[in-house]
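For reference, the structure discussed in these notes is given below.
The values are calculated or read from the model by the stated rules, or taken from the named source; none is laboratory data. A quick note: this is a predicted structure, and the numbers were derived from the prediction, not measured. When we count neighbours, we look across all protein chains shown, and the Cβ atoms used for this are built from the backbone with ideal geometry, even at glycine. Accessible surface is based on the protein model in full, side chains and every heavy atom, while ligands, DNA and RNA are left aside. Shrake-Rupley method; radii C 1.70, N 1.55, O 1.52, S 1.80 Å.
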Amino acid sequence: MKTQNTENNRVFEINTLEAANEVEQYVIDLRRDFHLHPELSLQEERTIKVVTEELTKMGIEYEIVPNGGVISFIEGNQEGKSLILRADLDALPMKEETQNLKETKVVLSQNDNAAHTCGHDGHSAMLLGAAKILSQNKQYLKGKVILAFEQAEEIGGGIYELLNRLLKIGADGVWGIHLKSDVPSGKISVDSGPRMASAFSFDVIIRGKSGHGSRPDLATSPLDCFTNFYDNLRVMRLNKLDPFNPITFSIGSISAGSASNVIPETLQFSGTARFLQYEQGEKAEKEFKSLLKNICDLHNCTYEYVKEPNAMNLFVYNEENCAAIALNSIKNAIGENAIIHYPAWMASESFGFYQKYFPGVFAFLGIENFEKGTGAEHHNAHFDIDEDVLKLGVASTVQYTFDFLNSEKELNYQSEKKELKDLFIEIGFPVPSWATDQE
């Protein structure tokens, strides 16, 4: 539970859990403030104002990255490595329920059109709590801490600007925490390897031939074509893809027709696929396209892509040696009983972009507590946080910071060689106009 740092032949000891206990109410108050006043992606003006005001109170220098977020710096007294600590700021466009899974929530959004139903309010509050401890103990830091508060994680809208600036600054590693609704409260996973999925999305228009509902024989229904395609898409996992590599498919929207007695001309559908191995994603993309063509041909329909599926090579992946450091950090900070080994999450996260360029760890911190009614799925209106775990996230963040900066482990890591703009184009993410205008 203690971290040791040597300076001028003297040893200083910092009990990270005790330090986290001291800032616990500060972190909870911040989390509740963020929760009361949620802001949607790229609209986080008040949230950024609160973050920068708190950094100013701590005496921490910062810069605001337009449409990116906030970057701030804590300089240690000794030369050394640099570590990015990241949190996200935005809320979701939804109305939350007053109840969690058992009781009335402690705090509710005051905005019917936005709610922190993913945990970003907790993430930002924990990072500010860690910042307070690190700034108070910066004389013991060997190297530099870079705090990164990211805008618009939910839509991937802030990552380009923020990461572009971080790449110019440079760093040796990155750390992040995501609260996890189905992990028991107080447990934390820092397993190595794939932790969150890559994906491809698709948006397709199937075009048939419209007609009167009384004569379907004279029409070509795009709905018949789609249902056949959908049935075969579900079977594709069984007869076309490697069963030992996880992959999920989902259709999120379908629209066709406007009258009960008219067979529509077109049907539009969209969805996503998620996978943990790039080769599996590539094969799924190929089979998806082949299946769509063959089924449309069979039904005498045509199709066009509004968004063509493009398997992204973008995973949240914990570098093995960083994960080993983190495992030891958790044991030292909050105890070995807090460790849980947990499978990868099939959701996607912009943290994967950081790990393209910096080795690091994305930790899952559990908030599932049946007695308190926390544990509803992320993005669910009943989602709620067990606030007692926030101090554990703070302690873990501080401990990993000291341990990583003091570590001399060689990392098994190769940074992405592509420029950020080229990586975004390859993956299919939007590149800001200023970046393309420079060509």
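At a glance:
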| quantity | calculated |
| --- | --- |
| Residue in the range 334-351 that is surrounded by fewer than 20 Cβ atoms within 10 Å (Cβ to Cβ), free of Cβ contacts under 8 Å to residues at least 40 places away in the same chain and within 30 Å of residue 427 (Cβ to Cβ) present | yes |
| Any hit, the range 366-385, residues being in a strand (DSSP E or B), modelled with pLDDT of 95 or more and either in contact with a Leu (Cβ under 6 Å, 6 or more places away or on another chain) or within 16 Å of residue 190 (Cα to Cα) (or both) | yes |
| Residues of the range 285-315 classified as among the small types (Gly, Ala, Ser) and in a helix (DSSP H, G or I), total | 1 |
| Qualifying residue in the range 354-362 (condition: open to solvent by 10 Å² or more (accessible area, probe 1.4 Å), out of contact with any strand residue (DSSP E or B) (no Cβ under 6 Å at 6 or more places or on another chain) and without any contact (Cβ under 8 Å) to a residue 60 or more places away in the chain) | no |
| Whichever residue in the range 162-194 is touching a strand residue (DSSP E or B) at 6+ places or on another chain (Cβ under 7 Å) and of a type in the set (S, T, N, Q) and, among such residues, is most open to solvent (accessible area, probe 1.4 Å) | 192 |
| Some residue of the range 215-237 being farther than 25 Å from residue 304 by Cβ and in a strand (DSSP E or B) | no |
| Of all residues making up the range 153-195, the number that are assigned to a helix (DSSP H, G or I), of a type outside the set (A, V, I, L, M) and farther than 27 Å from residue 40 by Cα | 1 |
| Flag for residue 326 being touching a helix residue (DSSP H, G or I) at 6+ places or on another chain (Cβ under 6 Å) and not in a strand (DSSP E or B) | yes |
| Filter pass, residue 400 being more than 12 Å from residue 185 (Cα to Cα) and either in a loop (DSSP other than H, G, I, E, B) or open to solvent by 20 Å² or more (accessible area, probe 1.4 Å) (or both) | no |
| Any pair with Cβ under 9 angstrom, 6 or more apart, that starts in the range 101-120 at a residue that is on the phi > 0 side of the Ramachandran plot and ends at one that is open to solvent by less than 60 Å² (accessible area, probe 1.4 Å) and assigned to a loop (DSSP other than H, G, I, E, B) | 119/378; 119/383; 119/385 |
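Residues are listed down the side, and each one gets a yes or a no for (1) buried (at least 21 other Cβ atoms within 10 Å of the Cβ); (2) within 25 Å of residue 156 (Cβ to Cβ); (3) of a type in the set (S, T, N, Q):
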| site | (1), (2), (3) |
| --- | --- |
| 56 | no, no, yes |
| 59 | no, no, no |
| 69 | yes, yes, no |
| 74 | yes, no, no |
| 100 | yes, no, yes |
| 115 | yes, yes, no |
| 128 | yes, yes, no |
